[in-house]
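**Student:** Below you'll find the structure I mean.
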Amino acid sequence: MIIGLGIDIVPVARIARLLERRGARFLARYFAPEEATADAGAERIAGRWAAKEAAAKALGSGFADGVRPCDIVVLSGAGGAPRLELRGAAAQRAQRLGAVRSALSISHAGGLALAVVVLEGGAA
């Protein structure tokens, strides 16, 4: 049963400007070390940022109630497919909602990064 759905779209150029101006400070503040590798590039970081926003929407809280961008971690799963790892307040909120699984899809085209997150609960 779907208990949360979120979608977000981010202009890659916006993230490129942030990386240019704030670089390591931006990455350290909003990303886990394993997400923000030096070779990630603006397109990949934009996709991961869109995924964080989409996950926050799927949680129904946005970045409020203690949920921070660094609590939502986007990792590469089997075969390079993206997967979510919720930590801290995001994990606690997901547990309160009854989420047992998440699905994440990220796409890039035309200078935009898009992400969709679905949170699933147990059987109805």
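**Student:** Hey, any hits in the stretch 44-60 for a residue that's free of Cβ contacts under 8 Å to residues at least 12 places away in the same chain and at positive phi?
**Tutor:** No - not one qualifying residue is present in the stretch 44-60.
**Student:** β-branched (Val, Ile, Thr) and either buried (at least 17 other Cβ atoms within 10 Å of the Cβ) or over 18 Å from Ala115 (Cβ atoms) (or both): does that describe Ile7?
**Tutor:** In short, no.
**Student:** Answer yes or no as to whether Ala13 is over 19 Å from Ala89 (Cβ atoms), more than 15 Å from the chain's Cα centre (by Cα) and not basic (Lys, Arg).
**Tutor:** Judged against the criteria, Ala13 is a match.
Coordinate-derived values only; no laboratory data. Note that this is a predicted model, so its numbers are computed, not measured. Glycine also receives a Cβ, built like all others from the backbone with ideal geometry; neighbour counts cover every protein chain displayed.
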